[in-house]
Amino acid sequence: MPVLLEVKNLKTYFKVYHGLVKAVDDISYHIKKKEIVGLVGESGCGKSVSQLSVLQLIPTPPGEIVAGQIIFEGQDLLQFEANGDEMRSIRGGGIAMVFQEPMTSLNPVLTIGRQLTEGLELHLGMDVNEARNRAIELLSMVGIPDADKRIDDYPHQFSGGMRQRVMIAMALSCNPKIIIADEPTTALDVTTQAQLLELMTDLVSRFNASLVIVTHNLGVIARYAQRLYVMYAGRIVESGTAKEIFGNPRHPYTIALLNCVPRLDEEEGRKLVPIEGMPPNLLNMPITCAFKPRCPYHIERCGQDPWPDLKLIEGQHYVRCYVET
Ligand SMILES: Nc1ncnc2c1ncn2[C@@H]1O[C@H](COP(=O)(O)OP(=O)(O)OP(=O)(O)O)[C@@H](O)[C@H]1O
Ligand SMILES: [Mg+2]
């Protein structure tokens, strides 16, 4: 499948009182057509900032995209004004995002229906009736019962899981090529989480779209992602197909992440091992490997030489580490 989105050497920094937070520091990745890709890492490692950068939704100041290219369908999105028409149309129809917290992304004073029909009228040029019918169709598609009645409700009349479903309907409404689901399920119970992921993966395949699942839990995406990027401290530390990463995890951080995922198929008695130590402070980072202070495998070199580049292991499997794990 052809590459739809290619992010090259993206750097997004925040100027704060005490210095510069290098939230995303030189990451490159790509998403192919119809692909489901996972972006995984601990809280604060730069997952959301990287995805918000793609849509130029970084609050500026304090944030700034200081370097990189974001090539979507042959165009570098960073050449466009953040608030210009081109970016607005990309956000409307090209790349849609489902946010972490639906209550903050839905407008509390507008009905669910109005929030859905607005985009349909604006971006797809539908008239009021067409838009309403399509909105009802989308709501049923995401599993809202009695969609033709619930469409006139307000967000607070919906449960958390239903609000997430509405967000998914909104993301799908303008036939995007890519949906970015930023930790779409953290506020919900596990059963609802699983149902929503199942729903989303099913819908993107029906819509021929690609899906980026952003999460801190490798277990959540093990079933769905075809390829993965593991992030640590603003960088990608390992990437590859799901088979390469789950079958042969190479970065000590990925191994640590896998050790704290409970598994249903495992032999009894395996202990879940939390990752020792604290996530790094992205303010004034060392040039050496940021995971070294927490890494059980580190060698002398790790504390002396700069963090290495990603190195090809085999196939599509890349790792940023000096240690042969
Ligand atoms: N507006 C801001 N001002 C200053 N620093 C910011 C701002 N937004 C994000 N950051 C910093 O950027 C870093 C990356 O944040 P980001 O939200 O991308 O993390 P994340 O990986 O999405 O974490 P989570 O899993 O908790 O959502 C964090 O260290 C955060 O403190
Ligand atoms: Mg986030």
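The values are calculated or read from the model by the stated rules, or taken from the named source; none is laboratory data. Note that the structure is a prediction, hence the values are computed from the model and not measured. Glycine gets a Cβ as well: all are built from the backbone with ideal geometry, and neighbour counts include every protein chain shown.
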### Query
Out of THR192, THR186, which single residue is at pLDDT below 90, more than 30 Å from LEU122 (Cα to Cα), polar (S, T, N, Q) and assigned to a helix (DSSP H, G or I)?
THR192
### Task
Tell me, yes or no, whether region 204-213 has at least one residue that is aliphatic (A, V, I, L, M) and touching a Ser or Thr at 6+ places or on another chain (Cβ under 8 Å).
yes
### The listed residue being hydrophobic (A, V, I, L, M, F, W, C), crowded, with 17+ Cβ neighbours inside 10 Å, touching a helix residue (DSSP H, G or I) at 6+ places or on another chain (Cβ under 6 Å) and in a strand (DSSP E or B), out of VAL237, VAL212
VAL237
### Query
Just wondering, is there one or more residues in region 11-18 that are crowded, with 16+ Cβ neighbours inside 10 Å, within 17 Å of ARG235 (Cβ to Cβ) and away from ligand 1 (no atom under 11 Å from the Cβ)?
yes
### Message
Just to check your reading of the model, which residue among LEU78, LEU57, LEU52, LEU4 is over 17 Å from ALA209 (Cα atoms), more than 16 Å from ligand 2 (Cβ to nearest atom) and not basic (Lys, Arg)?
### Response
LEU78
#### Entry: Residue pairs meeting the criteria (Cβ under 6 Å; at least 6 apart or on separate chains; first under 16 Å from ALA233 (Cβ atoms), in region 267-281; second at pLDDT 70 or above and in a loop (DSSP other than H, G, I, E, B))
PRO279/GLU42; PRO279/GLY44; PRO280/ALA233; PRO280/ALA290
### Query
Which members of region 154-195 meet the condition of being of a type in the set (Val, Ile, Thr), within 16 Å of ligand 2 (Cβ to nearest atom) and farther than 18 Å from VAL54 by Cβ?
THR185, THR186
### Task
Please go through region 91-108 and pick out each residue that is at pLDDT below 95 and of a type in the set (A, V, I, L, M).
ALA96, MET97, VAL98, MET103, LEU106
### Query
So GLY277 fits all but one of (1) within 15 Å of MET231 (Cα to Cα); (2) touching a helix residue (DSSP H, G or I) at 6+ places or on another chain (Cβ under 6 Å); (3) at pLDDT below 95; what number is the exception?
(1)
### Among (1) of a type outside the set (Lys, Arg); (2) crowded, with 17+ Cβ neighbours inside 10 Å; (3) at pLDDT below 95, the one test that LEU139 misses
(3)
### Message
Quick check on this structure: which one of THR201, THR192 is within 16 Å of the chain's Cα centre (by Cα) and either closer than 28 Å to ASN107 by Cβ or crowded, with 22+ Cβ neighbours inside 10 Å (or both)?
### Response
THR201
### Residues of region 287-325 satisfying the condition of being out of contact with any helix residue (DSSP H, G or I) (no Cβ under 8 Å at 6 or more places or on another chain), without any contact (Cβ under 8 Å) to a residue 60 or more places away in the chain and part of a loop (DSSP other than H, G, I, E, B)
ILE287, ALA290, ILE299, GLN304, ASP305, PRO306, PRO308, ASP309, GLU324
### Message
Give me the residue from region 240-274 that is at pLDDT 90 or above and assigned to a loop (DSSP other than H, G, I, E, B) and, out of that set, surrounded by the fewest Cβ atoms within 10 Å (Cβ to Cβ).
### Response
ASN248
